[in-house]
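Report on one structure; see the data block that follows.
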Amino acid sequence: MLIKRITIRNFGKIHNRTFEFSDGINLLYGENESGKTTLHTFIKCMFYGIPRTRGRAAKNDTYRTYEPWENPGDYGGTIWFESEGMSYRLTRNFSRERPFAELLCQNNGALLNPDDGALEEILGNVSEAVYDNTVSIGQMKSVTGQDLVHELQNYMAGYEGSADSTIDIQRASQMLKMTRKGFQVQENRRKKAIDSEQIRILSRITYLEEEEKKLDARMQSIRGKINELDPDGSGTEYIERRIMKTRRKAHYIGLTSALVSCILLILAMFMLRRSFRAAAVICAVIVLAFGFIRRYMLGREADRLAEYCDEWKEHYKKLTWEMLHTERALVERQTAIENLREEYSEGEDALYRISPEAEEVRAINIALSTIESLSVNINTQVGTRLRERTSRILAGITNGKYTEVLMNEELKMAVNTEARVVPLERLSRGTLEQIYFSLRMAAGELFCGGVPFPVILDDVFGTYDEERLKSLLMWLRGEKRQVMISTCSSREAELMLEEKIKFNELLL
Amino acid sequence: MRFIHLADVHLGAVPDRGSAWSSRREEEIWETFRRIIAGIRENPVDLLFIAGDLFHRQPLIRDLKEVNRLFKTIPDTNIYIIAGNHDYIGRGSAYKKFRWAENVIFFDREEIMCIDDDKIPVTVYGFSYCHQEICESLLDGICPEDGDGYHILLAHGGDEKHVPIDFRDLMSSGFDYVALGHIHKPHIFGNGEMAYPGAPEPIDRNDTGEHGYIEGWTEGDTIRIRFVPFATRCYDIIELKIDEDSTREGIEEELTEEIARRGQENIYRVVLSGMRSADLLLIPEKLKACGNIVDLQDESRLMYDLESLKKQYAGTLVGDYIRFFSGKISDTEEKALFYGLQALLSTSRER
């Protein structure tokens, strides 16, 4: 792609200016604050629109920064460019009141709407992020050596892992893991609370089961005692019959002996002989005495039996009462155990239910693994090629002093000279800037795909010494891409004149 | 004639196990039941209906004794009880041999029985659960017997596994009042011919809204009822709308104020919705500390315009990432998309 001409109506501090560009090297010369960066921003905004932030950050967004103070209704301009043999004219007005965008294909006069995909296609689907990563190259931001090394390593890692030098996968993962930790802590706390409750329930169940066992044993022993007391289940029937029999027997014996002695006495009255009479009386007395003694003894026995029967009954009643109560207590324990088991299984359900926290953890895990695998993908696609290309450019601009850029697993970089491997920390700022330049140029070639984009070098060479700058400019001459160097020093122009490098000079 | 209709008291339930207020709630469920009985003692009603699930699980004898003791304190009120699916009359149920106070009538069979009240002209119909589930529609085609007085039916259930009910049929079946139980949310059918009083205290986080019991009285020939809110606390859903200007402190303050406004004692489910800016990092634990919060659902989305981001970052990891998730619509995947994007973009270096 080639940018041919730019007309700015109003954009930031630039008003009604036209710039003509040529292919090859364009040198944009201007003092500090003269609008070089404004020009670059203009080009980007023409292609991608002006980002507008909403909410709190809106005050400092790009839109407000470059909004003209005097003519806010006329905010924009026109850019003429060529892409794959076709010439286009792109006009935009960013103003809020009269927004306007028009893309004219000058070859066939077709008018296109740039914002419905036509422009994207012409730009070879180079997205804004890719543009940011490849087209515009500024100076490294860090000041001290160690920070520079980090910055460079981050760039390289960003490119390799995400095709975007600004992305830091490690920090992103760290952030995700921290968020995940928060949810895990909550989830664990929840589970722990349920767990301790479950343990409480279990120990309660064990205790109750112990009691159940005891009560069961007591039931058995009571049942045994009842069996012993009443083996055939007839209860007091037998003994009561015996009492009755004994009492009846006593009664009969009493009655019989009285009757017999009465008969004997009556007989005695009729006896003539005195001795006979005396014998009969004695007999009657003996019979009566015998009867009474027997009756008394049988009565005693019956009383004893009755007493025993009462005792038995008392005992039996007590045992059955005990049995009933033990059984009731047992059922009560069994119900309690049943209820606790139910509660326990509800607890188990709660433990294995997916909580909102677990759901968040799952989502974060998906995010982490997706980032990881997509990053590996990008790495296999561009990683090696990026390093090869960077190495080649670095060799080109250092006249073969450094031949290879290396990066290990821990994302530590080093360069290979003809003789040895030098870690980044040992290199001078100038060399670091050279590596940075090589990396960004390589990324531009790799990520822009089919359409080589212009490369914009915005005040990059401040720290370059004459030697480095010269070889870089020589290398640039050989490149096929359109190059825009913006600078506030006259060194570049002088060197190019000296080396007879053709360039187009523009003054801001 | 005046009556009170209770159901689903769930004595013995331990709501929100694992949270700080759990055991307090267990106590409150009992306490509210006692308060209802105390209320009847102050201002006696003729009848008290308990339409099932008086207990959360199988009652123990000591639970029954306590409940019975309370019933003895309101001797002028006849109490009609049926067992529900939670306190069903199982094999070893303590209900079976329990000797109730004289004023308690317990329906102990899984078939519809009808009992004439011994004081006022009311016939009460009802049945208990002897199993955890009853899938038959026991109430289909039921109608009151001939006879003077009011005819009131007690029934527990109303879903497919617990006595499916054709509510319209039942409402026009001729009963003067149908006292239902099982559904925890109060609901009065028609002009009050039939009602679920709901649980007097909410039992879990799904029991949002007001809770209490139903009070009924007669006006001429008809029975009128009204719902009496009585619960100590309620479960409530607070939806917090987040916008691009929300900050963590602001949201926490808003939640605290909202809880103070609606009642500190209540238990809340908090739902975050709306769009939030990428730099808003919420700490769920801090939010949960703003009150009795039983769960916190974050349905807010980051304020990313996915389509334009996809375009802007095409050809880089971020672009690939958005593309990877496009077309996937499960909630978890959507969350993953935003988590990843937020992490990648908020940790990215300035260009």
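The values are calculated or read from the model by the stated rules, or taken from the named source; none is laboratory data. Bear in mind that the values here come from a model prediction, so they are computed numbers and not experimental data. Don't worry about glycine lacking a Cβ; one is built from the backbone with ideal geometry, like all the others, and counts go over all protein chains shown.
The numbered conditions (1) assigned by TED's automatic domain parsing to the domain that holds A:T403; (2) polar (S, T, N, Q); (3) within 20 Å of A:S34 (Cβ to Cβ) are all true for A:Q434 except (3). Residues considered: A:N125, A:N113, A:N108. Of these, the only one that is surrounded by fewer than 19 Cβ atoms within 10 Å (Cβ to Cβ), farther than 27 Å from B:L281 by Cα and facing chain B (nearest Cβ under 7 Å) is A:N125.
Being within 14 Å of another protein chain (Cβ to nearest Cβ) and not in a helix (DSSP H, G or I) is the requirement here; does A:I354 meet it? Here the answer is yes, as A:I354 does meet what is asked. The set of residues in segment A:475-508 that are farther than 18 Å from A:A442 by Cβ and free of Cβ contacts under 8 Å to residues at least 60 places away in the same chain comprises A:S489, A:R491, A:E494, A:L495, A:L497, A:E498, A:E499, A:K500. Of the candidates A:T417, A:T370, the single residue that is modelled with pLDDT of 90 or more and among the polar types (S, T, N, Q) is A:T370. Residues that are outside any loop (DSSP other than H, G, I, E, B) and buried (at least 17 other Cβ atoms within 10 Å of the Cβ) were ranked within segment B:302-312; the one that is farthest from the other protein chains (Cβ to nearest Cβ) is B:L302.
Table: residues versus (1) small (G, A, S); (2) in the same structural domain as B:D16 (by TED's automatic domain parsing); (3) modelled with pLDDT of 90 or more; (4) under 30 Å from B:P15 (Cβ atoms).
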site: B:L281; (1), (2), (3), (4): no, no, no, no
site: B:K288; (1), (2), (3), (4): no, no, no, yes
site: B:Y304; (1), (2), (3), (4): no, no, no, no
site: B:S330; (1), (2), (3), (4): yes, no, no, no
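Candidates in segment B:66-92 are the residues that are assigned to a loop (DSSP other than H, G, I, E, B) and charged (D, E, K, R); of these, the one that is surrounded by the most Cβ atoms within 10 Å (Cβ to Cβ) is B:D87. Residues in segment A:187-220 that are more than 30 Å from B:W21 (Cα to Cα), surrounded by fewer than 12 Cβ atoms within 10 Å (Cβ to Cβ) and not charged (D, E, K, R): A:A217, A:Q220. Residues that are among the acidic types (D, E) and under 27 Å from the mean Cα position of the chain (by Cα) were ranked within segment A:330-353; the one that is farthest from A:E209 (Cα to Cα) is A:D349. Residues that are over 24 Å from B:I214 (Cβ atoms) and part of a loop (DSSP other than H, G, I, E, B) are absent from segment B:26-49. Restricting attention to segment B:186-208, the residues that are surrounded by fewer than 16 Cβ atoms within 10 Å (Cβ to Cβ) and touching a Phe, Trp or Tyr at 6+ places or on another chain (Cβ under 7 Å) total 3.
Which one is modelled with the lowest pLDDT, of the residues in segment B:143-169 that are surrounded by fewer than 18 Cβ atoms within 10 Å (Cβ to Cβ) and in contact with an Asp or Glu (Cβ under 9 Å, 6 or more places away or on another chain)? Per the criteria, the residue is B:G147.
Scanning segment B:16-36 for residues that are away from chain A (no Cβ under 12 Å) and within 20 Å of A:K191 (Cα to Cα) yields a single hit, B:W21. Say whether the condition of being assigned to a loop (DSSP other than H, G, I, E, B) and farther than 20 Å from A:G400 by Cα is met by at least one residue in segment A:425-435. The answer is no, given that none of the residues of segment A:425-435 is assigned to a loop (DSSP other than H, G, I, E, B) and farther than 20 Å from A:G400 by Cα. Looking at segment A:41-153, the helices (runs of 4 or more DSSP H) lying wholly inside it that each contain 2 or more residues that are within 30 Å of B:D243 (Cα to Cα) and out of contact with any Lys or Arg (no Cβ under 8 Å at 6 or more places or on another chain) sit at A:62-66.
Checking each residue in segment A:367-417 for being away from chain B (no Cβ under 14 Å), small (G, A, S) and either within 30 Å of the chain's Cα centre (by Cα) or part of a helix (DSSP H, G or I) (or both) picks out A:S391, A:A395, A:G396.
Scanning segment A:155-198 for residues that are in contact (Cβ under 8 Å) with a residue 40 or more places away in the chain, assigned to a helix (DSSP H, G or I) and within 8 Å of another protein chain (Cβ to nearest Cβ) yields A:G161, A:S162, A:I169, A:A172, A:S173, A:L176, A:T179, A:F183, A:Q186, A:R190, A:I194, A:E197. Is it fair to say B:F98 is outside any loop (DSSP other than H, G, I, E, B) and assigned by TED's automatic domain parsing to the domain that holds B:Y80? When the stated conditions are applied, B:F98 does not pass them. When B:N78, B:N85, B:N43, B:N68 are checked against the criterion of being over 21 Å from B:S128 (Cα atoms) and of a type in the set (S, T, N, Q), a single residue qualifies: B:N43.
Scanning segment A:10-22 for residues that are surrounded by fewer than 19 Cβ atoms within 10 Å (Cβ to Cβ) and in a strand (DSSP E or B) returns A:H15, A:N16, A:R17, A:T18, A:E20. Somewhere in segment B:319-331, is a residue surrounded by fewer than 17 Cβ atoms within 10 Å (Cβ to Cβ), assigned to a loop (DSSP other than H, G, I, E, B) and facing chain A (nearest Cβ under 8 Å)? No, because not a single residue in segment B:319-331 is surrounded by fewer than 17 Cβ atoms within 10 Å (Cβ to Cβ), assigned to a loop (DSSP other than H, G, I, E, B) and facing chain A (nearest Cβ under 8 Å).
In this structure, does A:T236 turn out to be β-branched (V, I, T), over 30 Å from A:I201 (Cβ atoms), over 60 Å from the mean Cα position of the chain (by Cα) and at pLDDT 90 or above? It is false that A:T236 is β-branched (V, I, T), over 30 Å from A:I201 (Cβ atoms), over 60 Å from the mean Cα position of the chain (by Cα) and at pLDDT 90 or above. Within segment A:140-154, the residues that satisfy the criterion of being facing another protein chain (nearest Cβ under 9 Å) and more than 27 Å from the chain's Cα centre (by Cα) are A:K141, A:E151.
Considering only residues that are at pLDDT below 90 and among the aliphatic types (A, V, I, L, M), which ones fall in segment A:475-492? Within segment A:475-492, A:L476 is the sole residue that qualifies. If you go through segment A:481-508 and keep only what is hydroxyl-bearing (S, T, Y) and assigned to a strand (DSSP E or B), you end up with A:S486, A:T487. Within segment B:271-292, residues that are on the phi < 0 side of the Ramachandran plot and facing chain A (nearest Cβ under 9 Å) reach partners that are surrounded by 15 or more Cβ atoms within 10 Å (Cβ to Cβ) and of a type in the set (A, V, I, L, M, F, W, C) with beta carbons closer than 6 Å, at six or more positions or on different chains, in the pairs B:S277/B:M303; B:P284/B:L296; B:K288/B:L296.
Can you find a residue in segment B:49-65 that is more than 14 Å from chain A (Cβ to nearest Cβ), among the aliphatic types (A, V, I, L, M), surrounded by 19 or more Cβ atoms within 10 Å (Cβ to Cβ) and farther than 22 Å from A:Q334 by Cβ? The answer is yes; a qualifying residue exists. Residues of segment B:270-300 that are over 23 Å from A:V185 (Cα atoms) and in a strand (DSSP E or B): B:S273, B:G274, B:M275, B:R276.
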